[in-house]
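Report on one structure; see the data block that follows.
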């Protein structure tokens, strides 16, 4: 590989890394704070929100009252439950692929 190709590859990889990092979300200032009912969403609520995420996303496009993600959550456990629930719905559970026997 010649010198110009290495420089081009390095610049392209650096640009890709910078673009990837610029998409990272910022901090959630409402994390670990209660909602108007005095509650924060935890692990099980995260699983439920992950399971219904595709439906919630579509509804959130048309209304201001529905949010895709609960901002009043308890942090890591809610996030883990949300990802687990979304994974169960999208790839590992309801819509998951089944191997067919031949």
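Relative contact order (percent) for region 30-92, with alpha-carbon contacts under 8 angstrom and 6 or more residues of separation?
Computed value for region 30-92: 51 percent relative contact order.
Of 8, 40, how do they rank once you tally other Cβ atoms within 10 Å and put the fewest first?
In order of increasing Cβ crowding within 10 Å: 8, 40.
Looking at the P(r) of region 30-92, how many percent of alpha-carbon pairs lie beyond 18 Å? Kindly include the intermediate steps, with their values, before the conclusion.
Numbers: 682 of 1953 pairs.
Percent of Cα pairs beyond 18 Å in region 30-92: 35.
Need one number: nm distance between label points at residue 20 and residue 68, each 7 Å from Cα along Cα→Cβ, rounded to one decimal.
2.1
With the crude spin-label approximation of a point 7 Å out along Cα→Cβ, what separation in nm comes out for residue 88 versus residue 44?
Going by the 7 Å Cα→Cβ label model, 1.2 nm.
FYI, it's all coordinate maths here, none of it is from the lab. As the structure is a prediction and not an experimental result, all values here were calculated from the model. Positions of Cβ are backbone-derived with ideal geometry, glycine not excepted, and every protein chain shown enters the neighbour counts.
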